[in-house]
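What follows is a short report on a single structure.
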Amino acid sequence: MQADRFCGAILLAITLAACGGGGGGSTTPSTPVATLSPAKLAVSPASVAYTSLGDTPQAVTITEAGYTGTYTISTASCANVAGATSTSATTFNVNPVGSGTCTIAVSDSYGQSAGVNVSVTQTFIGGH
């Protein structure tokens, strides 16, 4: 009979241990962290065309919902064709410089980019 009590006590101890012992050790579930990123970067118009170096500069607007940083405007491929002059945080003017085609690149700090295709053609009338 004493052996039955001993076996019962051991069985009870094993059962309680398997259930966690009933004390402490609670954990708080982790909360997922949402990472927000801005919407797609876009430019409007996406292309501009000039027929003369004297044409009026054309304004381009940059849009990207949710983005509050600054934009980089690169005219590296347009050195002899067009230039860009910032007029506000989200607008710049494209100015014709010489004949040709190129793309002005606009990018944000997240690595998104959009391009403005530029075409400048000049028609020469006359002899020289």
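What follows draws every value from the coordinates through simple rules; no lab data is involved. Just so it is clear, the structure is predicted and the values come from calculations on it, not from any experiment. A quick note on method: Cβ atoms are made from the backbone with ideal geometry, for glycine too, and the neighbour counts reach across all protein chains shown.
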Scan segment 55-72 and tell me whether some residue there is free of Cβ contacts under 8 Å to residues at least 12 places away in the same chain and under 30 Å from Ile125 (Cα atoms).
yes
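For every residue, the table says whether it meets (1) surrounded by 12 or more Cβ atoms within 10 Å (Cβ to Cβ); (2) among the small types (Gly, Ala, Ser).
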| site | (1), (2) |
| --- | --- |
| Thr56 | no, no |
| Val60 | yes, no |
| Glu64 | yes, no |
| Tyr67 | yes, no |
| Tyr71 | yes, no |
| Ser77 | yes, yes |
| Thr87 | yes, no |
| Asn93 | yes, no |
| Gly98 | yes, yes |
Output the residues belonging to segment 100-128 that are hydrophobic (A, V, I, L, M, F, W, C) and crowded, with 16+ Cβ neighbours inside 10 Å.
Cys102, Ile104, Ala105, Val106, Ala114, Val116, Val118, Val120
